[in-house]
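Q: Before we start, here is the structure in question, set down as structure tokens.
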Amino acid sequence: VSEGAGAAGGAGVLPSGAPAPYRVEQLDDAMVEVGSTFSYRHELDRALVTAALGRVDLSVGRQAVGWGRGTIFSAVDIFAPFSALESDREWRRGIDAVRVRAPLSDLISVDGVAAFGESAEESAYVGRIHGYVGDVDGEIFAGSRREDGFYGASMSLPVLDAEIHGEAAVFVSPEVLPSGGSFDTEDIAVKAVVGGSRTFDFANGLMVAAEYHYSGFGVPDIEDATDYVEDAAYLERYARGDSQILGRHACALQLSYGFASLTPFSATWVMSPVDGSGVVIPSIVWIFSDSVTLSANAYLAHGDAPDGPRILSEYGATPTGGLVQISFYY
């Protein structure tokens with residue numbers, strides 16, 4: 001979970017940041033810090049060697065690995081997943097890994113990733129088969145992730161003028177999960193995403209996307225969430241990206257529109273269908289040149305606020321705020 005994960009978790013009571021997962025060494029440091037109000041940090045986020053060995057592509061080092069079809073949520077993106085309220089999805093944090101990719105045919109390929117943490121228990125070894133059958137684009141996953149067994153699948157296909165996608169994953173833990181398991185189990189968590197998108201012929205084009213997400217790693221009852229966020233085992237799993245939402249159910253609606261080719265605008269609404277709380281995130285990006293962009297985002301939360309230390313709704317404690325970010329590419 002990247003910086004800002006506390007707000008991203010929805011309750012505003014979770015850790016605001018965590019070390020990046022799957023790194024032998026973090027290789028980051030604060031250059032300047034002024035209390036809790038200002039921090040200037042440097043981080044080595046990419047450092048890899050790639051080679052083409054016949055039909056096999058090999059990548060070794062710190063690199064980005066992202067899987068799945070989800071727009072807002074994810075079930076199979078296990079290495080460095082974005083949080084549900086992530087404002088910047090153009091840059092994914094790198095992991096220390098060895099990745100091998102090879103085609104089996106014109107329509108089918110295999111992909112294997114060994115991602116390394118500070119110990120064998122914090123590492124992951126996952127294989128993927130990706131392919132096409134007609135208009136259906138799908139992939140199947142199997143492996144281990146930090147001692148959990150991991151099995152998943154995702155797919156997308158066109159339906160009339162829309163795109164439909166789905167993901168599902170099963171995680172088998174060697175121990176009882178701190179928030180309980182899925183469907184009356186104690187050691188099995190299921191995650192799933194179902195969604196779709198369509199672009200409407202309105203001026204420059206209006207894209208509408210919607211998704212539903214279930215997370216078996218989430219808290220079964222939000223009003224009991226305070227007890228869970230004080231549990232070290234739960235916080236450890238949350239910090240490593242097991243769940244990108246605090247509860248078990250979430251929905252999202254996203255509208256994207258370009259006023260002109262250089263001023264894209266989007267508005268995202270992430271909400272809990274259980275308690276009705278949510279966060280609206282309007283965002284606009286100015287592209288000044290090929291090397292400089294400026295983005296501005298606001299976070300407008302709604303829902304029942306906490307009653308003292310007790311959480312009453314998933315997003316009701318999320319602070320209202322904004323973020324302005326300038327990016328340089330060189």
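Q: Restricting to Cα pairs below 8 Å that are 6+ residues apart, what does the relative contact order work out to for the range 70-175? Please round to a whole percent.
A: Relative contact order comes out at 19 percent.
Q: Another one. Roll a 1.4 angstrom probe over the protein heavy atoms and tell me the percent of accessible area of the chain that is carbon or sulfur. Intermediate values should be presented prior to the final figure.
A: On the way: 9860 of 16270 Å².
Heavy-atom surface of the chain belonging to carbon and sulfur, 1.4 Å probe: 61 percent.
Q: Dividing the alpha-carbon Rg of the range 164-252 by 2.2 N^0.38 Å yields what? The partial results should precede the final answer.
A: Numbers: Rg = 16.1 Å, N = 89, 2.2 N^0.38 = 12.1 Å.
Output field value: 1.33.
Q: To continue, here is another question. How much accessible area per residue does the chain have, in Å², with a 1.4 Å probe? Don't skip to the answer; put the middle values down first.
A: On the way: 16270 Å² over 330 residues.
Counting only protein heavy atoms, the per-residue value for the chain is 49 Å².
Q: If you don't mind, another one. Can you give me the orientation-averaged projected area of the convex hull built on the Cα atoms of the range 221-296, in nm²?
A: The orientation-averaged projected area of the Cα hull of the range 221-296 comes to 7.1 nm².
Q: I would also like to ask the following. If I take the Cα coordinates of the chain and project them onto the principal axes, what are the three extents in Å, biggest first?
A: Extents along the principal axes: 61, 54, 49 Å.
Q: Put +1 on the Cβ of each Lys and Arg and -1 on the Cβ of each Asp and Glu in the chain; which of GLY241, TYR22, PRO309 then has its Cα farthest toward the positive end of the dipole?
A: Working it through, the farthest residue towards the positive pole turns out to be TYR22.
Q: Assign unit charges at the C-beta atoms only (+1 for Lys and Arg, -1 for Asp and Glu), then state the dipole size of the chain relative to its Cα centre in Debye, rounded to the nearest 20. All intermediate terms of the calculation are to be shown ahead of the outcome.
A: On the way: 20 positive and 45 negative charges, 196 e Å.
With only Lys, Arg, Asp and Glu charged at Cβ, the dipole is about 940 debye.
Q: Separate question: Could you tell me which residue out of ILE222, GLY195, GLY205 lies farthest along the dipole of the range 190-232 toward its positive end? Charges go on the beta carbon: Lys and Arg +1, Asp and Glu -1, centred on the Cα centre.
A: In the range 190-232, that residue is GLY205.
Q: While we're on this one: If we sort 30-37, 309-316, 106-113 on the protection proxy, mean other Cβ atoms within 10 Å, highest first, what's the order?
A: Numbers: 30-37: 7.9, 309-316: 22.0, 106-113: 15.1.
Put in order of decreasing packing, that is 309-316, 106-113, 30-37.
Q: Normalising by the residue count of the chain, find the relative contact order in percent from Cα pairs under 8 Å and 6+ residues apart. Can you show the working numbers first?
A: Details: 866 pairs, mean separation 43.1, N = 330.
Contact order relative to length: 13 percent.
Q: What does the convex hull of the alpha-carbon atoms of the range 267-330 project to on average, in nm²?
A: One quarter of the hull surface, i.e. the mean projection, equals 5.4 nm².
The values are calculated or read from the model by the stated rules, or taken from the named source; none is laboratory data. Everything numeric in this text was worked out from a predicted model, so none of it was measured. As a convention, Cβ positions derive from the backbone with ideal geometry for all residues, glycine included, and neighbour counts pool all protein chains shown. Quick note on the areas: whole protein, heavy atoms, side chains included, nothing else; ligands and nucleic acids left out. Shrake-Rupley method; radii C 1.70, N 1.55, O 1.52, S 1.80 Å.
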